[in-house]
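The values are calculated or read from the model by the stated rules, or taken from the named source; none is laboratory data. Everything quoted here is computed from the prediction, not taken from an experiment. Every residue, glycine as well, gets a Cβ built from its backbone with ideal geometry; the counts of neighbours run over all protein chains shown. Protein only, heavy atoms only, side chains kept; ligands, DNA and RNA dropped before computing areas. Shrake-Rupley method; radii C 1.70, N 1.55, O 1.52, S 1.80 Å.
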Amino acid sequence: MTNQTMTRRSFVKAAGALGAAAGLGIQATGCFTKADSAYAEQAGEEKIYKTSCRACIASCAVLAHVRDGRVVKIEGNPESPMSQGGVCAKGLSGIQALYNPMRNKYPMKRVGERGTNNWERMSWDDALTEICTEINRVSDKYGSEAISVSTGGGGNPHFSNVKRFGEAINTPNVWEPGCSQCYLPRMAASILAYGAGKPNNLSFSDSNGWDFYFDDCKVTTIVLWGTDPSNSSVATGGRCLAELRARPQGLRTVVIDPRYTLDASKAEVWLPIRPGTDVALLLAWTRWIIDKKKYDEQFCKTWTNMPYLINPETRLTLKATEAGLEGTDKDYVVWDANTNQPVVVTDFPMNTDVDPELFGTHVVNGLECKSGGQLLKESCEEWTLEKAAEICWLDAAQIEKALEIYTDPDGQSAIMQGVAIDQYPQSQQSALGALNLEFLMGNVEKPGAMLQKFASAPCKDQLGNTPRLLTEAKVRKRCGYLEHKGLICWDMAHIPSVLRAMQYGDPYQIHMWIERSGNKHVVLGNSSCLDEVVPHLDTVVHIFMYPTAFSVMCADYLLPCTEWLETNLPIPQLNTIVMRQAVTHLFEGVEEGIIWTQIVQKCAELGNKHCPKAFDKDACHTTPFYKNEYEKQIQHLNKLDMTWDEACEEGVIKWAEPEEYRTYYTYLNDDGTGKPKGFGTPSKKLEVYCESNIILGRTGYPWAQCDETAHLTLEPASKDYEPLAYYEEPAESPLTDTEYPLVLTEGRLPMYHHGTLRNVPWLREIYPVPEMWIHPDDAAKYGISDGEWVDIESRRGKTHGRARVTTAIAKGVVYQERFWAPELLDSDHPDQAYKVMNINVLTKNDPPYNPEYGTYTLRGFQVKVSPSNDAILNEVWTEPEQFEPWLPEYSDPTDDVFDYGAPAK
Ligand SMILES: Nc1nc2c(c(=O)[nH]1)N[C@H]1C(S)=C(S)[C@@H](COP(=O)(O)OP(=O)(O)OC[C@H]3O[C@@H](n4cnc5c(=O)[nH]c(N)nc54)[C@H](O)[C@@H]3O)O[C@H]1N2
Ligand SMILES: Nc1nc2c(c(=O)[nH]1)N[C@H]1C(S)=C(S)[C@@H](COP(=O)(O)OP(=O)(O)OC[C@H]3O[C@@H](n4cnc5c(=O)[nH]c(N)nc54)[C@H](O)[C@@H]3O)O[C@H]1N2
Ligand code: SF4
Ligand SMILES: [Mo]
C-alpha cells in the first residue's frame, strides 16, 4: 500500500477534473473507474437484492439492482409494511452517496496544522495501532474518562455498539447530539409515566404509531403536535397519514406548528404556535378537558394514579402507614366518595366497594393531602384558553375548535408529538403534559390509539444489551450525570458538560475525542464553540463516509466507514423483519460495529489494562467485541430458524399475523394471579402525577446502575424534578427582547438527513441552500425581499439563509433548517463550510437546561435579520452544473478489510 502524502484540496479538484486516482497518486486500475457509457453494454447480468435504506431513520425496504458488483438502480420494495414500496429522494440518491467522489476511502492521518486539510494515507493496521496507543496512553496518564466518544445517526441502529465501546474502553463519557434534544425526553417520560416495556411513546416520526399502518385502523382524529411526518418520515409516516386521510371515513387532523406544513395544509385546524410555548398550550388543553368533563372518568379512576392521595411532606403518594391506616408502606390511599373517608387500596386495580375521588383535598392523619388529580387540576388552574392564546400567539376560538375535535366522543383520537418539544428546556414538561392528555382521554391500548404495547419481534435492531462494565466510581465521572439523571436512561453524558470538560478541564480535562457521525458542527447547539474547545484536545478521531467541516477543522485521524448499501442489519418493523444486506463494498470502508471491535481488540493487544472484563472473552459473554457481528445477527434471526442468507433472500420476513401482533389492552391481561397485570410503573397505574420523576431526581432510580450493583443510589439533583408539567417562558423571549426581535425555529427537510447528503448533486439541485421563512409583515419591517440572501444573527453568532417570504410561517417567527457547504472545504476558509448557512451557529448550549435531561435550546430563541451582501455567499454553489464534481465516481467492489464472515457478494 502506498503511504503517500496528498492534500484533500487537490483530491477534490482531481475528483472533478481528472478522476480521483490522480489526486491519490495511485494507478487508476481496480479501485477507481470513471463511469463510462460502454459499461452498460459490457456489463453482466443484473441481480436484484432485497435490502433497506438507511439514509434516514425510517429503514424503508428497497430493491437494489446490481450489475457486476455495481449498484445501478434503487426502487421501493412493496413488501415493506411501513413504506409499502415508497422511497424518497434521499433513498433514491443512495447511488450518488455510495459512489460519491468525496468518499473517505482509506484511513488517513493529518499532516500539518488542524484546519489545513492535508492528509496522509495509512494502512488500517497503522491507523489502529496509533489510535489505540493513544487511547492507552491517555487512559494510563489521565484516567480513561479523559476519552470522550460520540455518535450520531438520529435513531442510530448501532447506538448500543457505541455504548458498549465506551464500557469496554472504560469511559462514561459517551454522547449523541439527539438524546437530551431528541427522543430521550419523550421516551423516558413515557417509561416513567406509562411504564417500562417495549419503547413506546407519542413519537410517530421515530416509527411508533404501529396501529396506524394497518388498513382497518380505528383512528379517526390525529393531533400533530410539533411533528411533520410528511417531511420527516416521508415514505413511512407521511405516506401512512396520506392514506389514512384517503380512506372513505377520512381523518380529522389538528396541526400545532408555527409553520404551515404539508400536513397543516390538510388539517381542519392549524395552530401556528409561538416556538417554545407548547407547555402553556398543553396546560390549557388539560384545564379545558377537566373543566368540561371530557375525560374518561372510569378509566382515570381505575387505571391512573389520579385518585391516590399525595403526602404534602414527601410529595410522594401517601402510604397506609403514613395515613395511620391498616396496611403497609407500599399500600396507596384514596378518598372514597361513598363513605367520605380515606381507604387503603387493597385490591388491584381498585377495591370493588370504593368510589375513588379524582379531585379533592382532605386532612388525613394530620396531613392536608390532595389527590394526584387535584394537583393536576391546580397545576393548570391559571391556563384559560385566553391566557394560552395570549402566550402562544394563537386564537382562543381556534384552540377550542381543536379541543372539540380531539375530544369528540364519537371518534378515536391520538396525539403525535414531535422532536420540536424536545429541543428546548421544557422537554420533559412537554412530554409529560402530552401523555397526560392521552391518559385523561383513555387513549391507551385501544384500537386506533397511539400508545400500544404490541408483540415484540424475535429480533432486535440493536445488537444485544450494553454490558455494565463501569465501576460506580467511573459511572460517577460521567459529565453532567448527577444533575440530569434522565440521561442515565441511555447511559449518556451531558453534551455542554463534556464540552466544558474539554475546554476548561472542569471537573477534569478530557484529552481525546472519538467521533462517529457526520458533521457535529451542523447538529450541535452553538457549534462554533468547537473552535475554542478542540485546540484543548490532544487527539480527535473522526469516523465517517466523507470528510466534513468537522474532519477538516477538528480531526487528526479519519477512518472510513460504510454507506448503507454496504451494511448489514435486521430491522424489526411492525409484524415483520426488514433485512439490510451489503450489496457491494468499496475501497477500505469498514462497518461501524467492526471498527469498534477492532479498536477494542487492538487496545487489548497493546496492553490496555483498564477494563479487563471487556478483554476477557469468557467473562463478558454479552460483549460482542470478540464475536462475529454477523453470527450475532444470525443468533437473533435464529429465533426464526433461518440462516442469514435465507433471511436476505426473503427480504421482508413476516413473523406474526396482524391479529397476533396487534395486542390491545395488554394491561388487562392476567398477571398469573387472576388479576390484571396493569402497567409497568411501580404502582402499575398510569402516573398522571409522575412521582417516578421525583424519585428519579432524588435517587437515579430506576436507571442508575454500575457493574457492582443492580441499583445505584445517587445523591439528589439540586432541585426536585417536578411530577406535573409547568410553564416557563423561554430564556430568550420576544416578550422582552428588543435587540433580537424574532423567534427562530427549525424543522426537517425531506431531501436531507441532519448534516448529510449536502454533497449529493441531485439533492443540492432540488434544494441548494437553506430557505429562511419569514412572514410578509416581518419581511417588510426588516427590508427583506423574497429570494434574497439574509444575515441572521443571534447572541452567539451570524449566519445566512435565502429569504422565502410567506404567510406559511407565524408572524414574529423565522424558520430555517441546518445546512453546510461541502464546496467550501476546499477553500482558504474551510470553517465557512459550516458557518456560512448553518443555524446551529446561532442556537444556545448554555443554561437554562431542562432539569431531567439537560436539554439546551435549539428552537425558540431570539434572532434579528437584515439583507446581506456578504461576499462569501458568492462561493456557495447554487446552480446544477456546479455540483458536477460530485457526480458518481463508479468503482468496482473490493474485499472486506477485516474478515467477519460477511456474506460473499
Ligand atoms: N438546530 C438544530 N439542531 C439539531 C436538530 C434540530 O432540529 N435543530 N436536531 C437534533 C436531532 S433530533 C438529532 S437526532 C441530531 C442528529 O445529529 P447526528 O446524528 O450527529 O447527525 P448526522 O451525523 O449529521 O446524521 C446522522 C448520520 O448518521 C449516519 N448513520 C447512519 N447509520 C448509522 C449508524 O448505524 N451509526 C452511526 N453512528 N451513524 C449512522 C448517517 O450516515 C448520518 O451521517 O441533531 C440534533 N441537532
Ligand atoms: N428528511 C429527514 N427526515 C428525518 C430527519 C432528517 O434530518 N431529515 N431526522 C430524523 C430525526 S433524528 C428526527 S428526531 C425526526 C424528527 O421529526 P419531527 O418530529 O417531525 O421533527 P421536525 O420536522 O424537525 O419538527 C416538526 C415540526 O415542528 C415545528 N416546530 C418548530 N418549533 C416548534 C415549536 O416550538 N412547537 C411546535 N409545536 N412545533 C414546532 C416545525 O415547524 C416542524 O414542522 O425526523 C427524522 N426524520
Ligand atoms: S424515508 Fe427515504 S431516506 Fe428514509 S429510509 Fe425511507 S427511503 Fe430512505
Ligand atoms: Mo432526532
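Per-residue answers, yes or no, for (1) within 27 Å of Y726 (Cα to Cα); (2) in contact with a strand residue (DSSP E or B) (Cβ under 8 Å, 6 or more places away or on another chain); (3) open to solvent by less than 20 Å² (accessible area, probe 1.4 Å); (4) not basic (K, R):
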{"residue": "H800", "(1), (2), (3), (4)": "no, yes, yes, yes"}
{"residue": "A803", "(1), (2), (3), (4)": "no, yes, yes, yes"}
{"residue": "D826", "(1), (2), (3), (4)": "no, no, no, yes"}
{"residue": "H829", "(1), (2), (3), (4)": "no, no, no, yes"}
{"residue": "F861", "(1), (2), (3), (4)": "yes, yes, yes, yes"}
{"residue": "D870", "(1), (2), (3), (4)": "no, yes, no, yes"}
{"residue": "E875", "(1), (2), (3), (4)": "no, no, no, yes"}
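Would you check which residues across segment 156-180 are hydroxyl-bearing (S, T, Y) and either within 16 Å of ligand 4 (Cβ to nearest atom) or surrounded by fewer than 24 Cβ atoms within 10 Å (Cβ to Cβ) (or both) and list them? S160, S180, listed by residue number. When D329 is tested against (1) closer than 23 Å to P676 by Cα; (2) free of Cβ contacts under 8 Å to residues at least 60 places away in the same chain; (3) open to solvent by less than 60 Å² (accessible area, probe 1.4 Å); (4) not aliphatic (A, V, I, L, M), only condition (3) is not met. Residues in segment 70-80 that are open to solvent by less than 20 Å² (accessible area, probe 1.4 Å) and in a loop (DSSP other than H, G, I, E, B) were compared, and the one that is nearest to ligand 3 (Cβ to nearest atom) is S80. No other residue among V234, V223 is within 12 Å of ligand 2 (Cβ to nearest atom), within 20 Å of P447 (Cβ to Cβ) and over 15 Å from the mean Cα position of the chain (by Cα) apart from V223. In segment 513-562, counting only helices (runs of 4 or more DSSP H) that sit wholly within it, the ones holding 1 or more residues that are over 21 Å from the mean Cα position of the chain (by Cα) span 530-533, 549-554. One residue stands out among those in segment 744-762 that are over 21 Å from L262 (Cα atoms) and open to solvent by less than 30 Å² (accessible area, probe 1.4 Å): the one that is farthest from ligand 4 (Cβ to nearest atom), which is P761. The residues listed here are I131, I135; of these, the one that is farther than 26 Å from L586 by Cβ, open to solvent by less than 10 Å² (accessible area, probe 1.4 Å) and at pLDDT 95 or above is I135. Restricting segment 569-617 to residues that are among the hydrophobic types (A, V, I, L, M, F, W, C) and part of a loop (DSSP other than H, G, I, E, B) leaves a set whose member that is nearest to I74 (Cα to Cα) is V583. Considering each residue of segment 450-458 in turn, none proves to be among the small types (G, A, S), within 16 Å of ligand 2 (Cβ to nearest atom) and touching a Ser or Thr at 6+ places or on another chain (Cβ under 8 Å).
W596 falls short of the stated requirement of being within 16 Å of ligand 1 (Cβ to nearest atom), modelled with pLDDT of 90 or more and not acidic (D, E). When P723, P716 are checked against the criterion of being away from ligand 4 (no atom under 16 Å from the Cβ) and open to solvent by 30 Å² or more (accessible area, probe 1.4 Å), P716 stands alone in meeting it. Checking the condition open to solvent by 40 Å² or more (accessible area, probe 1.4 Å) and modelled with pLDDT of 95 or more, which residue from T286, T314 passes? Of the residues listed, the single one that is open to solvent by 40 Å² or more (accessible area, probe 1.4 Å) and modelled with pLDDT of 95 or more is T314. The single condition among (1) over 30 Å from P177 (Cβ atoms); (2) under 23 Å from the mean Cα position of the chain (by Cα) that E382 does not satisfy is (2).
Would it be correct to say that D228 is acidic (D, E) and within 16 Å of ligand 4 (Cβ to nearest atom)? It is true that D228 is acidic (D, E) and within 16 Å of ligand 4 (Cβ to nearest atom).
Is it true that P741 is away from ligand 2 (no atom under 16 Å from the Cβ), modelled with pLDDT of 95 or more, surrounded by fewer than 19 Cβ atoms within 10 Å (Cβ to Cβ) and not small (G, A, S)? Criteria met by P741. Out of curiosity, is A473 buried (at least 21 other Cβ atoms within 10 Å of the Cβ) and of a type in the set (G, A, S)? In short, no.
Quick one: would you say S37 is at pLDDT 95 or above and small (G, A, S)? Steps first, please.
On the way: at pLDDT 95 or above: no; small (G, A, S): yes.
Against the criterion (at pLDDT 95 or above and small (G, A, S)), S37 does not qualify.
Given the criteria surrounded by fewer than 24 Cβ atoms within 10 Å (Cβ to Cβ), small (G, A, S) and within 13 Å of ligand 2 (Cβ to nearest atom), does G153 qualify? Yes: the conditions hold for G153.
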